[in-house]
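For reference, the structure discussed in these notes is given below.
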Amino acid sequence: MIQINSLTKCFESTDDDEIYALDDVNFSVDDGEFVSVTGPSGSGKSTLLFTIGGLMTPTEGEVILNDIDIYELTAAERARLRREKIGFIFQTFNLVPYLDCIENTALPAIMSGHSQKDAFSNAEKILTGLALGHRLHHRPMTISVGERQRVAIARSLINGPEVILADEPTGNLDPETAMGVMDLFKEINSEGQTIIMVTHDHNLAKQGKRMIRLQEGEIAVDNKIAGGVQ
Amino acid sequence: MLLLLKRELRHRITEILLGALIISLVISVVLVQRAISKTAEDEVNKLLHKIGNNMLVVPQGMKMSDFYMFRFGPETMPQDYSEKIRSSKINKDMGTIRPVLYGNIVKNGTTLVISGEDIKLPPRFRVDAGVTWAALGKKAALAFGVLKGSTFQIKGVTLKVIAIVRNRSGDTDSSIFMPLKAAQKILGKPGKINAMYIGGCTCSTDIASLAAEVERTLPGVRAITVAGTVKAQEDSILVMKNYSTIISIAAIILVAATVLVMILSQIKRYIRELGLLIAMGSPLKHLISMFLIKAMLMGGIGSLAGFFISTLITNRLGVMFLQKPLEPDYRLFLPILGITIFVSILGTVIPAYRISELDPANTLREV
């Protein structure tokens, strides 16, 4: 379970003004939820995601993951938490260009101390499950953007994380491929995986079980979605 | 992380080799400069050893740099100058006087040095009447294809090899020692010499005044005292040593700057990958270690290649300018390797700090 308490993130602008990207945000995410965070540009969606992921220290408030306030941890402990409990998916995929698909997927497992053999074997299973069995030894630049995003999803799943944080995961995809990726998210979520996804696309946001709409750093709407993921 | 390191190295091998090449060139400059400086110092020491407190008298037009490199021109002086000194008033201040005629000949592409001097040979080296003795350095013997006891001819003069001269410094390898008269005949300079060593100038007057007196007594000569020569050469060596220190310091700065620039440029170009790795929870020490290993590889390969390049360059330079191959001071190998790797590590301090300060959220949000 993730508990967000009074989360505030303030940036200083060049003219010494303070810009509140997040302003006293409170909500919790239960295990197995699929939360879509939506809102206009600059509403604080990505800031919220990075803060939940332990990548951006909040100005105030706390992010509690399984009873641990992640910003009470040291940087090294937080890195370990990211490695083992959180899977990240980005709009631009962020695959390592000189690693092939299986190596990209296996990387977090190897970083967590798994043997290369075990990590590769697990990566192969996940990639095959995502219909990428024929792309194991292809480099990112040699596969389609949809396939790249599926490799990024496979990478986020390899360590069996407690939550997947996806930042505009369909932002670089055509509508058809985007729907394919959403179907994949729904399938992963149906197996009990918690997902928090940031998207500016209202239609895609409705694919989750719950939608949080941010407006100028504050929660404007927090609704369960009828007919969301079953 | 070994997988990542291996793939990184393979992916960035060109950059690492480019860095290593720059470092190797810097190191080879240092080594070549040091080899030349050391050779010059050795030459002065040899000179000191050879003529000690004595005096060298040469024809006025002779270039001393050529003389010390065993390159002899047409300048000569009369052989009877030695007698003229003997019969002069300054004779009381003189010990031995050795008139010598030097000259160069080429045999089978090898430039050799003829050294004509009347030497009283020990009985075991005596040769029959009518035969001229000769003692050859290794290279000279090889050029003529002769051994001890062989006879051979140069320009109609028949010579018998009484000894093959072996000298650790290699100075006499190209020399053919023979009586003065034979040398004069071979070099076509009858009654001439081009050097006169005056030994034992332990006179009451100072050596500079005595040299001036010699120059007054023998027209057209230059009397070189060891003090003057060594002083001039020592000054040059001191300048070279100062340059050497400056070059070494500059080299250290260059090596560090090369590593710094290469690693910083890698960080700049691959900042998203670094941000990603940090986001995925890669420990900072692993990321910094990867850059350290790359820097150390750059430094290590650079210093090895630097030694290789400097060996080639010093060899060529030695042959071109000194007629003998020089080599870098191999005792510097381990210190230079150590210093280069250490400096390479120092060069990653700023990049390591930048990595530790990297904000993955910012790097990953930049599209």
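The values are calculated or read from the model by the stated rules, or taken from the named source; none is laboratory data. Everything numeric in this text was worked out from a predicted model, so none of it was measured. A quick note on method: Cβ atoms are made from the backbone with ideal geometry, for glycine too, and the neighbour counts reach across all protein chains shown. For accessibility, only protein heavy atoms count, side chains too; no ligands or nucleic acids. Shrake-Rupley method; radii C 1.70, N 1.55, O 1.52, S 1.80 Å.
Only one of B:GLY116, B:GLY61, B:GLY130, B:GLY137 is under 23 Å from B:ILE186 (Cβ atoms), of a type outside the set (A, V, I, L, M, F, W, C) and in contact with a helix residue (DSSP H, G or I) (Cβ under 8 Å, 6 or more places away or on another chain). Can you tell me which?
Unique residue meeting the criteria: B:GLY116.
Spot the failing condition for A:LEU22; the list is (1) closer than 22 Å to A:ASN189 by Cβ; (2) crowded, with 19+ Cβ neighbours inside 10 Å; (3) in contact with a strand residue (DSSP E or B) (Cβ under 6 Å, 6 or more places away or on another chain), and only one is missed.
(1)
Residues A:VAL29, A:VAL96: which one is of a type in the set (A, V, I, L, M), away from chain B (no Cβ under 11 Å) and open to solvent by less than 10 Å² (accessible area, probe 1.4 Å)?
Answer to the check: A:VAL29.
Quick check on my filter: what residues within the range B:138-163 are without any contact (Cβ under 8 Å) to a residue 40 or more places away in the chain, in a strand (DSSP E or B) and surrounded by 16 or more Cβ atoms within 10 Å (Cβ to Cβ)?
Within the range B:138-163, B:PHE152, B:VAL157, B:LEU159, B:LYS160, B:VAL161, B:ALA163 meet the criteria.
Of the residues that sit in the range A:52-69 and are open to solvent by less than 30 Å² (accessible area, probe 1.4 Å) and within 12 Å of another protein chain (Cβ to nearest Cβ), which one is nearest to the chain's Cα centre (by Cα)?
The residue in question is A:GLY53.
Which is away from every other protein chain (no Cβ under 12 Å), within 29 Å of A:ILE52 (Cβ to Cβ) and open to solvent by 10 Å² or more (accessible area, probe 1.4 Å), of A:ILE126, A:ILE110?
Of the residues listed, the single one that is away from every other protein chain (no Cβ under 12 Å), within 29 Å of A:ILE52 (Cβ to Cβ) and open to solvent by 10 Å² or more (accessible area, probe 1.4 Å) is A:ILE126.
Looking at B:LEU17, B:LEU31, which is the one that is among the aliphatic types (A, V, I, L, M), open to solvent by 70 Å² or more (accessible area, probe 1.4 Å) and part of a helix (DSSP H, G or I)?
B:LEU17 is the lone residue from the list that is among the aliphatic types (A, V, I, L, M), open to solvent by 70 Å² or more (accessible area, probe 1.4 Å) and part of a helix (DSSP H, G or I).
Select from the range B:63-81 the residues that are modelled with pLDDT under 90, at negative phi and surrounded by 18 or more Cβ atoms within 10 Å (Cβ to Cβ) and list them in ascending order.
Once the filter is applied, which keeps residues that are modelled with pLDDT under 90, at negative phi and surrounded by 18 or more Cβ atoms within 10 Å (Cβ to Cβ), the range B:63-81 yields only B:PHE67.
Mind counting the residues in the range B:89-112 that are at pLDDT below 90, surrounded by 16 or more Cβ atoms within 10 Å (Cβ to Cβ) and not charged (D, E, K, R)?
3
Residues that are in contact with a helix residue (DSSP H, G or I) (Cβ under 7 Å, 6 or more places away or on another chain) and open to solvent by 30 Å² or more (accessible area, probe 1.4 Å), at least 2 per element: which helices (runs of 4 or more DSSP H) completely within the range A:139-230 meet that?
A:145-157, A:175-190
Any idea which of (1) open to solvent by 40 Å² or more (accessible area, probe 1.4 Å); (2) more than 7 Å from chain B (Cβ to nearest Cβ); (3) more than 28 Å from A:LEU173 (Cβ to Cβ) is the one A:ARG80 doesn't satisfy?
Result: A:ARG80 fails condition (2) only.
Restricting attention to the range B:165-202, report how many residues are modelled with pLDDT of 90 or more and buried (at least 16 other Cβ atoms within 10 Å of the Cβ).
Within the range B:165-202, residues that are modelled with pLDDT of 90 or more and buried (at least 16 other Cβ atoms within 10 Å of the Cβ) number 20.
For the range B:327-367, give me each residue that is in a helix (DSSP H, G or I) and within 14 Å of chain A (Cβ to nearest Cβ).
Scanning the range B:327-367 gives B:ILE355, B:SER356, B:PRO360, B:ALA361, B:ASN362, B:THR363, B:LEU364, B:ARG365.
Which residues, taken from the range B:263-298, are open to solvent by less than 20 Å² (accessible area, probe 1.4 Å), at pLDDT 85 or above and away from chain A (no Cβ under 11 Å)?
B:MET290, B:PHE291, B:LYS294, B:ALA295, B:MET298
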